[in-house]
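Step one of this worksheet: look at the structure below.
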Amino acid sequence: MNDTANDTTQAVSRTNGEHYLWGADCDAWHLVKSSALSVIEERIPPHTDEVRHVHARSRQFFYVLSGELTIEVDHREHLLHPHEGLEIAPGQVHQVSNKADVDARLLVISSPPSHGDRTNL
């Protein structure tokens, strides 16, 4: 979905959401894509790391759907299991990793959207 008004409301999922690849074979699907809010479903393969980075404006919430996810925030690791989430405030240095042997599936909710608001460290 985007900022333009639609005459009809329709369900959104991985099958009809905008798909893109990032990092080492990670998948992402935009479920909500507006100027105020981003909701992305992601699949992170086993033993894959995201680049450590920080957002100046975006507040993020990572919510694990399946598998497990390690999120390092300000040099402290948090291990998340299915149905657990973690909020990352603007200015907090963080890195997401899948250290397990199975895919991690998660939701990444950002307000405002984090694309274009990222400094790699």
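Checking ASP27 against (1) under 20 Å from THR119 (Cβ atoms); (2) surrounded by 15 or more Cβ atoms within 10 Å (Cβ to Cβ), which test does it fail?
Only one criterion is unmet by ASP27, namely (1).
If a residue has to be under 15 Å from VAL54 (Cβ atoms) and of a type in the set (Asp, Glu) to count, how many in segment 85-121 make the cut?
Residues that pass the stated criteria total 2.
Those residues that are over 12 Å from the mean Cα position of the chain (by Cα), open to solvent by 60 Å² or more (accessible area, probe 1.4 Å) and without any contact (Cβ under 8 Å) to a residue 60 or more places away in the chain, I need them from segment 77-121; list them, please.
GLU77, LEU79, HIS81, HIS83, GLU84, LYS99, ASP101, VAL102, GLY116, listed by residue number.
The values are calculated or read from the model by the stated rules, or taken from the named source; none is laboratory data. If you're wondering where the values come from, they're calculated on a predicted model, not measured in any experiment. Methodologically, a virtual Cβ is constructed for each residue, glycine included, from the backbone with ideal geometry; neighbour enumeration extends over all protein chains shown. The protein model used for the area step is the full one, side chains on, heavy atoms only, and it has no ligands, DNA or RNA in it. Shrake-Rupley method; radii C 1.70, N 1.55, O 1.52, S 1.80 Å.
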